[in-house]
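Asks: Quick one: the structure is below, and I'll ask about it shortly.
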Amino acid sequence: GAGLIVGGLKIPSKKYAVLAQTLIATGVVSLYAVTFSCGKEHYNFLSPGAMGLLMSLITATAFILAVRLEGQVVAILGILGGFLTPFLLSTGVDNPGGLFGYLALLDIGLVAVALHRRWYYLVPMGATGTVIMMVGWAEKFFAPEKTVTAMTVCLGFSALFIGAVEVAHRLGRRSPLLSQSAIALPAVALCFAWF
């Protein structure tokens, strides 16, 4: 996987952009697969913490490479891998601080990539992934005594996406996709409160 990424970086990206991005995207997918295989099934080579750290580094690297190479496919794979990481590493133990802290960092990273490259469609993808993770957590771990935690998470992500709209406004990079994402998260919080 690392060899594919290095090979993609060595190819002149202006002349062979598709080939370079394909190699890098394949390398990112390979690294996710190898990291997952090393910690699961019959290998158990990596602890869940080490797997989480490596998958987070792979996601961050994918975002950086996507910005550098203007590789939207690489960014999308980074987002998919980033949102699959908590699911793949789930131990069945409730850790809302770790889960939602990780998701907040992931969302901040993808918002930064979206605003930098004007790939605004990444923000609704992040909002959708966040909502899916919130619903999954609520389905598995929610109990009445965790209402404050759930509402704090809902409000925190609402503030994050509203903040993204404000940053975009200040940078002169408005997009209806950003506004729609910022509206969706409070709507989810409202539905959760109603539930």
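The values are calculated or read from the model by the stated rules, or taken from the named source; none is laboratory data. Remember, it's a predicted structure, so these values are computed and weren't measured experimentally. Cβ placement follows ideal geometry from the backbone for every residue including glycine, while neighbour counts extend to all protein chains displayed. These accessible areas exclude ligands, DNA and RNA; they are computed on the full protein's heavy atoms, side chains included. Shrake-Rupley method; radii C 1.70, N 1.55, O 1.52, S 1.80 Å.
Asks: With viscosity set to 1.306 mPa s at 10 °C, what whole-number translational diffusion coefficient in µm²/s follows for segment 115-156 from Stokes-Einstein and a Kirkwood radius over Cα pairs?
Replies: In µm²/s, the coefficient rounds to 135.
Asks: With charges set only on the Cβ (+1 for Lys and Arg, -1 for Asp and Glu), what does the dipole of the chain come to about its Cα centre, in debye to the nearest 20?
Replies: 780
Asks: Another question about this same structure. To the nearest 20 debye, what is the magnitude of the charge dipole of segment 37-140 about its Cα centre, counting +1 on the Cβ of each Lys and Arg and -1 on the Cβ of each Asp and Glu?
Replies: 240
Asks: Roughly what percent of Cα-Cα pairs across segment 51-122 reach past 15 Å?
Replies: 50
Asks: What number comes out for accessible area per residue over segment 100-195 if the probe is 1.4 Å? Units Å², please.
Replies: Ligands and nucleic acids excluded, the figure is 54 Å² per residue.
Asks: Let me spell out the model: positive unit charges on the Cβ of Lys and Arg, negative unit charges on the Cβ of Asp and Glu, origin at the Cα centre of segment 127-191. What dipole size does that give, in debye rounded to 20?
Replies: Rounded to the nearest 20 debye, it is 240 debye.
Asks: Between GLN180 and GLU139, what is the label-to-label distance in nm when each label sits 7 Å out along the Cα-to-Cβ direction?
Replies: 2.4
Asks: Separate question: Go through (i) 33, 19, 15; (ii) 30, 24, 10; (iii) 56, 23, 17 and flag the label whose value is the computed semi-axes √(5λ) of the Cα gyration tensor in Å for this structure.
Replies: The listed entry that was calculated here is (ii).
Asks: Ranked from the most accessible area to the least, with a 1.4 Å probe and all protein chains present, what is the order of CYS154, CYS38, CYS191?
Replies: Result, largest first: CYS191, CYS38, CYS154.
Asks: Separate question: HN-Hα J couplings of segment 47-58 from phi, Karplus 6.51/-1.76/1.60, θ = phi - 60°, integer Hz, Gly and Pro as x?
Replies: Karplus values, whole Hz, x for Gly and Pro: 6, x, x, 5, 4, x, 4, 5, 5, 5, 5, 4.
Asks: Which of the aspartates and glutamates could a cross-linker bridge to LYS14, judged by Cα under 20 Å and excluding same-chain residues fewer than eight apart?
Replies: The reachable aspartates and glutamates, counting only those whose Cα sits under 20 Å from LYS14, are GLU70.
Asks: In whole Hz and in residue order, list the ³J(HN,Hα) couplings for segment 90-103 that follow from phi through the Karplus curve 6.51 cos²θ - 1.76 cosθ + 1.60, θ = phi - 60°; x for Gly and Pro.
Replies: 4, 9, x, 9, 6, 9, x, x, x, 4, 7, x, 4, 5
Asks: Right, next: What does the extension gain come out to for THR147 and LEU84, with contour length at 0.36 nm per residue minus their alpha carbon separation?
Replies: Contour length minus the Cα-Cα distance gives 20.2 nm.
Asks: Then there is this: How much accessible surface area, in Å² rounded to 10, belongs to the heavy atoms of PHE83 with a 1.4 Å probe?
Replies: 20
Asks: Counting only protein heavy atoms and a 1.4 Å probe, tell me what percentage of the chain's accessible area is made up of carbon and sulfur.
Replies: 70
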